[in-house]
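Peer 1: What follows is a structure written as structure tokens; I'll ask about it next.
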Amino acid sequence: MRGGFGHRMTADGERYKLSRLNRKILGLAWGYVRPQLGRLALAFGAMLLVTATTLAGPYLTKIAVDDYITSGALGSANRSGLNLIFLALLGTQGLFWLASYWQAFLSERIGQGIVYALRRDLFRKLLGLDMAFYNRQKIGLITSRVINDVETVAEVLSSGILDFSNDLLTLAGIIFVMVRFNLKLALIAFVTTPIILVTLWLFGRKLRLAYREVRRKAAELNAEVEESVAGMRVIQALSQEEAGAEKFAGVNWRNFKARLRAVSIFALLFPVMNILGTLSRALVIGFGGLSVIRGEITLGVFLAFLTYVARVFWPLRELSQVYNTFQAAAAGLERIYEYLTATSLVRESTQPRRPAGGYRGEVVFASVSFGYEGRETVINDLNLRIRPGEALALVGHTGAGKSTVARLLTRMYDVDAGGIRIDGVDLRDLSFADLRSVVGRVSQDVFLFNGTIRENIAYGKPGATEEEIVRALKSIYAEKVFAALPHGLETRVGEGGVMLSGGQRQLVAFARVLLADPRVLILDEATSSMDAHTEALIQKGLERLLAERTCLIIAHRFSTLQRVDRICVLEGGRITDMGTHEELSKRNTLYRSLYLKQLESF
């Protein structure tokens with residue numbers, strides 16, 4: 001925990017009480033420290049050697065001066081003694097270097113081991129949490145937990161404990177030796193210690209406040225950069241570059257001023273501490289020098305005192321920041337504990353079932369009702385049966401609940417009432433692996449990983465062969481689209497698929513889900529962002545797709561609805577009408593108005 005004068009605080013810049021730690025949270029920490037106990041013991045042994053060699057140097061100097069240099073004789077015994085002291089000093093320095101190396105190496109090894117294990121378990125936990133959890137959390141906070149909090153906790157559990165022990169033992173050792181040498185001079189040497197401690201406390205308080213503001217302004221700066229980069233197309237499209245630059249300049253200036261204030265306080269601390277340290281040494285020189293002249297202490301003791309006084313400043317400074325350091329780690333540990341013990345509302349069955357006759361693709365919504373957390377009901381007593389191999393479409397105004405139906409069928413959320421069954425088995429009784437292999441979804445908002453087109457398609461079926469990937473592309477007539485690219489399927493898509501057009505991203509998403517070959521396919525406005533040419537390809541392959549599996553289609557483009565078996569009109573979370581395109585166009589006012597609006601937009 002060295003460096004930066006220990007300006008640690010919680011992630012949101014607020015104070016944290018160590019007393020909030022309970023046995024369960026400490027038990028979590030112990031669970032990650034326990035596998036490292038062997039290395040920790042070795043590191044502690046190296047730390048003891050570092051402390052011992054730090055204390056030994058001035059003591060050996062005292063012996064050399066008093067027993068051999070000032071004795072007044074230049075005999076062989078003195079020369080031999082000085083040689084031994086010389087070798088002992090070299091030996092202690094060699095031990096100090098070796099022990100310091102192993103302490104630093106083992107501390108880092110322990111810390112990185114804890115970081116690895118904590119991040120592994122934390123990320124695995126995050127992968128299993130439901131959408132309700134992610135609705136409550138900001139992406140930046142989750143990233144901070146996985147990166148910053150884990151680093152802080154691991155640092156304290158490894159090098160922080162060792163550094164604290166080293167500082168404490170070094171300070172205690174220096175005080176013990178100085179008192180043994182001369183109690184009066186030791187008391188004089190420590191006259192400035194209360195002033196040093198008060199100064200450290202006052203500056204530490206000011207630094208905590210200053211760096212709290214720095215973190216807030218840095219968070220604002222990060223948010224502004226993230227938002228501006230994400231919205232760069234909009235900024236440029238509306239020619240708002242100058243306004244964006246001015247807004248960023250304001251945020252950047254506030255961040256600059258906050259950091260400048262913190263640096264000014266930090267820069268003032270060291271001159272003040274140097275003055276106090278110089279005052280301590282001056283007192284030792286003044287009173288100690290007189291004591292040497294009077295014969296009350298030896299010259300060797302005097303020189304040893306000067307060295308010890310110079311070395312006492314560092315552990316004092318570090319120990320003054322221990323509370324802040326452990327405070328930040330404790331806050332991070334509590335937040336990590338909250339994530340690791342978070343429970344999903346959507347849980348996998350402990351005794352999963354499968355349909356007796358295998359998966360055919362029948363989907364039944366039985367009196368289903370659902371509302372998002374803290375919001376009114378979105379789906380109200382929905383009853384619907386989709387036959388195996390049937391293509392059924394949902395239409396309705398925005399907010400009618402169409403996409404919510406798709407989310408419930410993929411079990412991103414669980415129903416509040418009623419049930420959804422696939423081939424007679426409730427979704428809650430299926431294993432996650434079975435559900436996700438049986439039900440596939442292509443939505444309007446396609447997410448692609450920063451890799452190649454081939455890698456993104458193969459994500460639907462790890463280990464897929466080239467033949468299987470090509471077959472998935474051919475099923476939607478997309479193989480020529482990607483073959484025309486300079487690098488074909490090896491073309492990199494960029495972050496989020498930014499290097500591809502909207503239509504190309506949708507084709508990748510289609511191919512990815514088809515490679516997984518689900519028995520039930522959900523198309524959630526999957527063609528809404530496609531250009532006419534790309535949609536024509538999908539429409540061409542749609543008959544083949546619909547013929548092979550059960551399809552639930554949520555679409556605003558009515559061209560897709562010409563090929564479905566049934567269309568359901570959804571209003572206020574309820575099905576108010578059902579029929580073919582021709583039937584609904586004649587009898588349903590809402591359907592007809594939606595259809596006509598779309599015709600007018602072309």
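Just so you know, all these numbers are worked out from the coordinates, no wet-lab data involved. Keep in mind that what you see is a predicted model, and the values were worked out from it rather than measured. Here Cβ is always computed from backbone atoms with ideal geometry, including for glycine, and neighbour counts include all displayed protein chains.
Peer 1: Quick query: amide H of L394 versus all other amide H atoms, modeled in the peptide plane; which residues come in under 5 Å with a sequence gap of 5 or more or a different chain?
Peer 2: Amide H neighbours of L394: I553, I554, A555, C568.
Peer 1: Follow-up question, since we're still on this one. Relative to a virtual label point 7 Å from the Cα of K474 in the Cα→beta-carbon direction, which members of the range 484-521 show backbone nitrogen distances below 11 Å?
Peer 2: Counting only backbone N, you get no residues.
Peer 1: Also: Specify the angular offset, from 0 to 90 degrees and rounded to the nearest 10, of the alpha carbon long axis of helix 532-548 from the longest principal axis of the alpha carbons in the chain.
Peer 2: 80
Peer 1: Kirkwood hydrodynamic radius, computed over distinct alpha-carbon pairs, for the range 351-436: how many Å, to one decimal? Present the calculation step by step, with values, prior to reporting the outcome.
Peer 2: Working: mean 1/r = 0.0739 Å⁻¹.
Taking every pair of different Cα atoms in the range 351-436, averaging 1/r and inverting gives 13.5 Å.
Peer 1: Average the reciprocal distances over every distinct pair of alpha-carbons in the range 363-601, invert the result, and give the Kirkwood radius in Å.
Peer 2: Values: mean 1/r = 0.0540 Å⁻¹.
After inverting the mean inverse Cα-Cα distance, the result is 18.5 Å.
Peer 1: Relative to the longest principal Cα axis of the chain, at what angle does helix 241-294 sit, 0 to 90 degrees, rounded to 10?
Peer 2: Taking Cα atoms only, the helix is inclined about 20 degrees.
Peer 1: Follow-up question, since we're still on this one. Could you give log10 I(q)/I(0) at q = 0.15, 0.24, 0.33 Å⁻¹ for the range 315-360, computed by the Debye formula over C-alpha point scatterers of equal weight, without solvent?
Peer 2: So the normalised log intensities are -0.65, -0.90, -1.08.
Peer 1: Return the long-range amide H neighbours of G451 (sequence gap of 5 or more, or a different chain), with a cut-off of under 5 Å between placed amide H atoms.
Peer 2: V493, G494
Peer 1: Order of F203, F248, F510 from fewest to most other C-beta atoms within 10 Å? Walk me through the intermediate numbers first.
Peer 2: On the way: F203 20, F248 15, F510 30.
So the ranking, lowest neighbour count to highest, is F248, F203, F510.
Peer 1: Each label point is 7 Å from the Cα along the Cα-to-Cβ direction; what then is the distance between the points at N252 and A433, in nm?
Peer 2: Rounded to a tenth, the inter-label distance reads 5.2 nm.
Peer 1: Further question on the same structure: Please work out whether the chain counts as rounded, prolate or oblate from its C-alpha gyration tensor, where a ≥ b ≥ c are the square roots of the eigenvalues and a/c under 1.5 means rounded, while otherwise a/b larger than b/c means prolate and anything else oblate?
Peer 2: Because a/c hits 1.5 or more and a/b exceeds b/c, the chain counts as prolate.
Peer 1: With a Cα-only, solvent-free Debye model of the range 291-332, what are the log10 I(q)/I(0) values at q = 0.17, 0.24, 0.27 Å⁻¹?
Peer 2: For the range 291-332 at q = 0.17, 0.24, 0.27 Å⁻¹, log10 I(q)/I(0) is -0.60, -0.79, -0.86.
Peer 1: If the only charges are +1 at each Lys and Arg Cβ and -1 at each Asp and Glu Cβ, what is the size of the charge dipole of the chain around the Cα centre, to the nearest 20 debye? Working shown, then result.
Peer 2: Numbers: 73 positive and 57 negative charges, 293 e Å.
Here the chain has a charge dipole of around 1400 debye.
Peer 1: Which order, highest average first, do 382-395, 253-266 follow once you tally other Cβ atoms within 10 Å for each residue and take the mean per peptide?
Peer 2: So the peptides 382-395, 253-266, ranked by packing, come out 382-395, 253-266.
Peer 1: Using only the Cα atoms of the range 192-296, build the gyration tensor, take square roots of its eigenvalues as a ≥ b ≥ c, and label the shape rounded, prolate or oblate: rounded if a/c is under 1.5, else prolate if a/b is larger than b/c, else oblate.
Peer 2: On the way: a/c = 6.64, a/b = 4.86, b/c = 1.37.
In terms of gyration-tensor shape, prolate.
Peer 1: Please state the charge dipole magnitude for the range 192-296, taken about the Cα centre, from unit charges on C-beta atoms (+1 on K and R, -1 on D and E), reported in debye and rounded to the nearest 20. Display every interim value, and only then the final one.
Peer 2: Details: 15 positive and 9 negative charges, 104 e Å.
So the magnitude is around 500 debye.
Peer 1: Per residue of the range 576-584, in order, report the coupling 6.51 cos²θ - 1.76 cosθ + 1.60 (Karplus, θ = phi - 60°) as ³J(HN,Hα) in whole Hz, putting x for Gly and Pro.
Peer 2: With the stated coefficients, the range 576-584 comes to 9, 7, 8, x, 8, 4, 5, 5, 5 Hz.
Peer 1: Could you tell me how far the Cα centroid of the range 196-249 sits from the Cα centroid of the range 266-305, in Å?
Peer 2: First find each Cα centre; the distance between them is then 45 Å.
Peer 1: Using 24 Å as the Cα-Cα cut-off, could you pick out the over-long pairs in K206/K247; K125/K461; K217/K247; K62/K184; K125/K217? It would help to have the intermediate numbers written out before the result.
Peer 2: Details: K206/K247 29 Å; K125/K461 22 Å; K217/K247 14 Å; K62/K184 18 Å; K125/K217 31 Å.
Beyond 24 Å: K206/K247; K125/K217.
Peer 1: Follow-up question, since we're still on this one. Excluding same-chain residues fewer than 8 positions from K597, which lysines have a Cα within less than 30 Å of its Cα?
Peer 2: Cα-Cα hits under 30 Å: K402, K540, K586.
Peer 1: Follow-up question, since we're still on this one. Return one number: the angle in degrees, 0 to 90 and rounded to the nearest 10, between the long axis of the Cα atoms of helix 322-340 and the longest principal axis of the Cα atoms of the chain.
Peer 2: The helix 322-340 is inclined about 20 degrees to the chain.
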